Amino acid sequence: MTSILEYDFMRRAFVVGILLAFIIPCVGIIVVLKRLSMIGDALSHTSLAGVAAGLVMSINPILGSIIACIIAALGIEIIRKKIPKYAEMSIAIIMSAGVGLAGVLSGFVKNSANFNSFLFGSIVAISNFEMLLVILISCTVMLIFFFLYKELFYIALDERAARLAGIPVKTVNFVFTILTAVTVSVAARTVGALIVSSLMVIPVACAMQFGKSYKQTVIYSVCFAVFFMVAGLYISYYQRLKPGGTIVLIGVICLILILIIKSITASIMLTKDKP
Amino acid sequence: MPKVIEAENLSFSYGNESIFTKIGFSVYKGDFVAVIGSNGTGKSTLMRIILGELTPTGGSIRILNQDVEKFGDWPKIGYLPQSGLQSADSFPATAEEIVMANLFSQIGLLRFPKKKHRDKVHQALELVGMDAYSKRMISELSGGQRQRVMLARVLVSDPEIMILDEPTTGVDAGTVKSLYELLSSLNRETGITIVMVTHDIGRASGYVSRILSLEEGSLEERND
C-alpha cells in the first residue's frame with residue numbers, strides 16, 4: 001500500500017490527479033447541463049494544435065495548448081450565438097479546424113514522442129513546473145466555480161430567464177469559457193487529449209444517478225472523479241497499464257454497473273408494487 | 001389604471017416576411033391579458049419584443065414607462081418561457097433550488113443565500129401549493145407540479161408583470177383548469193399584471209380580463 005507512494009513521480013501523479021478530479025467535473029457538470037458534452041472533445045483536440053504549435057515554435061507546449069483552447073472556446077461561443085438553432089455545429093466546426101491544424105503542424109514537430117505523449121497524457125511524467133501549474137490552475141478554477149456557483153447553475157438551467165433575472169450572463173459565460181479552456185488544456189497534458197472529455201462527462205453521468213439535488217450532484221461528481229483517478233492510478237501502476245486510459249475505463253465500467261444495478265432495482269421494485 | 005406596457009405602430013418582419021404591421025395595444029396595471037392567435041402569427045415573437053430580445057422593424061414599445069431599449073429593470077418582469085417545462089425536465093435540481101435561482105441577482109455576485117431568501121422561496125412555493133415538494137427533484141414531479149414550481153420561480157422575485165408563453169403546454173387537461181384558477185387568484189389577490197400567450201382560449205377565457213387576438217399581421221381586442 002505504501003510502496004506506490006514511495007516514488008516521487010507517483011506522489012506527484014496523485015497530487016495532480018486528485019486536483020484535476022476536483023476541477024474537471026465542476027466544469028463538466030455545467031457543460032453536460034448546457035447540452036454541450038462534446039465541447040471537451042473539441043477543446044482537447046484543438047489543444048493538440050496548440051501543443052504542436054508550441055513544439056514547432058519552441059515555446060512551452062502547455063502554454064500553446066492553453067492559448068489554442070481559449071481561442072477555440074471563444075470560437076465555439078461566437079458560432080453558438082450566431083446559429084443558436086444548430087449550436088452543436090459550432091463544436092464540430094472548431095473540432096475539425098483543431099484536428100486539421102494539429103495534423104498539419106505535427107508534421108513539423110521534430111520530437112514526435114513528445115507530441116504523442118499529449119494524445120494519451122503522461123500523468124506519471126509530470127515535471128515540477130507542470131505540477132505547480134496544475135496546482136495554480138486548480139485553485140483558481142475551484143475558487144471561481146465556488147463564487148460563480150449559483151450564476152452558473154441558473155445559466156445552465158435557463159439562460160434567457162437568468163438574463164431577465166439580472167444575472168450578467170455574457171460575463172459569466174465568458175469566464176466559464178476561459179475556465180473550461182484552461183481546465184481542458186491542463187488536463188489534456190496529464191490524462192491525455194483523447195481522454196479528457198470522458199472525465200468531464202462520466203463522473204457527472206454517475207452522480208446524476210444518485211444526486212437528490214444539484215448540490216449533491218456536484219459533490220457526488222467530484223467524489224466519483226476522485227475515485228476513478230485514485231483507482232486508475234493504483235491499478236495502472238500495479239498492472240503496468242497506461243494511467244489515462246485505465247482511469248477512463250474504470251469510469252465507464254462503473255457507469256455501466258450503476259445503470260445495470262439501477263435498472264434491476266427498478267424492475268424488482270415494480271414487481272413488488274404489483275398486487 | 002396606469003399603463004405598464006404600451007405598443008404603438010409596432011411592426012416586425014423576419015427578412016422579407018412580415019409578421020405583423022403597425023399593431024398597437026396597452027396593458028394596464030392589474031390586467032390579466034390573453035394573447036391568442038393561430039400558429040405562426042407572431043405571438044411568441046411579440047413576447048420576445050416585449051422582453052427586448054428582438055428589435056421591432058418599426059414602431060415603439062414601452063415597459064413601465066421606459067422604452068424597451070433603455071429598460072434595465074428586468075427583475076420586475078417575470079417570464080415563463082414556452083420551453084420552461086422541458087428545460088427543467090431532466091435537470092438535477094430540487095424545486096427549492098430552481099425557485100431560489102430567481103433570487104440570485106438580488107443576493108448578488110460572490111454571495112450566498114441567507115435565511116430570508118430561503119423563507120421567500122418557501123413563501124413562493126406555498127403560494128402555488130408546492131411547499132410540501134420543495135426538496136423533491138423537479139424530474140420527479142408531474143407536468144402540472146413542475147409548471148407550478150416554474151410559476152413560483154417567476155413569483156419569488158416579486159415581479160410587477162408576469163409574461164407567460166403557453167404556460168399550459170405539456171400539462172394534462174385536469175391540471176390546466178387548476179393552473180388557470182391559480183393565475184386568476186394571484187392576479188386578483190396580489191394585483192400582479194399577467195400577459196399570457198395561449199392557444200387554449202376556450203378554457204382561458206373564463207379567467208382572463210382581456211383578450212388580444214393576433215391574426216394575419218394585425219392585433220384586435222376581442223370582447224367575447
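The values are calculated or read from the model by the stated rules, or taken from the named source; none is laboratory data. Not measured: the values here are computed from a predicted model. Counting neighbours? That spans all protein chains shown, and the Cβs are built from the backbone with ideal geometry, glycine included.
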A:PHE210, sole failed condition from (1) within 14 Å of chain B (Cβ to nearest Cβ); (2) in a helix (DSSP H, G or I) | (2)
In the stretch B:7-25, is there at least one residue being more than 14 Å from B:SER218 (Cβ to Cβ), acidic (Asp, Glu) and out of contact with any strand residue (DSSP E or B) (no Cβ under 9 Å at 6 or more places or on another chain)?
-> yes
Is it the case that the stretch A:89-101 has a residue that's exposed (fewer than 12 other Cβ atoms within 10 Å of the Cβ) and either under 20 Å from A:PHE174 (Cα atoms) or at pLDDT 85 or above (or both)?
-> no
Selection count, the stretch B:39-62, where residues are in contact with a helix residue (DSSP H, G or I) (Cβ under 7 Å, 6 or more places away or on another chain) and of a type in the set (A, V, I, L, M) | 3
Only listed residue being on the phi > 0 side of the Ramachandran plot, surrounded by fewer than 17 Cβ atoms within 10 Å (Cβ to Cβ) and either in contact (Cβ under 8 Å) with a residue 12 or more places away in the chain or of a type outside the set (Ser, Thr, Tyr) (or both), chosen from B:GLY52, B:GLY40 = B:GLY40
Residues being closer than 17 Å to A:LEU36 by Cα, over 18 Å from the mean Cα position of the chain (by Cα) and at pLDDT 85 or above: count how many of those fall in the stretch A:53-88.
-> 3
Would you list the helices (runs of 4 or more DSSP H) that sit entirely within the stretch A:147-206 and hold 1 or more residues that are among the acidic types (Asp, Glu)?
-> A:149-157, A:159-164
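A quick yes/no check of all residues on (1) not in a loop (DSSP other than H, G, I, E, B); (2) not small (Gly, Ala, Ser):
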site: B:ASN9; (1), (2): yes, yes
site: B:SER13; (1), (2): yes, no
site: B:THR21; (1), (2): yes, yes
site: B:VAL35; (1), (2): yes, yes
site: B:SER38; (1), (2): no, no
Near pairs, Cβ below 6 angstrom, 6+ apart or cross-chain, from the stretch A:129-154 (within 14 Å of chain B (Cβ to nearest Cβ) and without any contact (Cβ under 8 Å) to a residue 24 or more places away in the chain) to any residue that is of a type in the set (Val, Ile, Thr) and in a helix (DSSP H, G or I) | A:GLU151/A:VAL172
Do we find a residue being closer than 30 Å to A:ILE30 by Cα and either in contact (Cβ under 8 Å) with a residue 24 or more places away in the chain or assigned to a strand (DSSP E or B) (or both) anywhere in the stretch B:63-75?
-> yes
Restricting the stretch B:89-99 to residues that are within 8 Å of chain A (Cβ to nearest Cβ) and not acidic (Asp, Glu), the one surrounded by the fewest Cβ atoms within 10 Å (Cβ to Cβ) turns out to be B:PHE91
Tell me, which residue of the stretch B:3-33 that is at pLDDT below 90 and not polar (S, T, N, Q) is surrounded by the most Cβ atoms within 10 Å (Cβ to Cβ)?
-> B:TYR14
Return yes or no: is A:THR177 within 30 Å of A:ILE78 (Cβ to Cβ), in contact (Cβ under 8 Å) with a residue 40 or more places away in the chain, of a type in the set (S, T, N, Q) and surrounded by fewer than 24 Cβ atoms within 10 Å (Cβ to Cβ)?
-> yes
Exactly one condition in (1) more than 20 Å from the chain's Cα centre (by Cα); (2) at the interface with chain A (Cβ under 10 Å from one of its Cβ atoms); (3) within 29 Å of B:GLU181 (Cα to Cα) is not met by B:ASN102; state its number.
-> (1)
Counted residues, the stretch A:242-261 - those being in contact with a helix residue (DSSP H, G or I) (Cβ under 7 Å, 6 or more places away or on another chain) and closer than 20 Å to A:ALA188 by Cα = 10
Quick one: would you say B:ILE36 is modelled with pLDDT of 90 or more, more than 10 Å from chain A (Cβ to nearest Cβ), closer than 30 Å to B:GLY206 by Cβ and out of contact with any helix residue (DSSP H, G or I) (no Cβ under 6 Å at 6 or more places or on another chain)?
-> no
Look at the stretch B:107-156 and say how many of its residues are within 22 Å of the chain's Cα centre (by Cα), of a type in the set (Gly, Ala, Ser) and within 12 Å of chain A (Cβ to nearest Cβ).
-> 2
Residue under evaluation B:VAL171, criteria (1) touching a Lys or Arg at 6+ places or on another chain (Cβ under 7 Å); (2) away from chain A (no Cβ under 13 Å), criterion not met = (1)
Out of the stretch B:167-195, which residues are of a type in the set (Asp, Glu) and either buried (at least 21 other Cβ atoms within 10 Å of the Cβ) or assigned to a helix (DSSP H, G or I) (or both)?
-> B:GLU181, B:GLU189
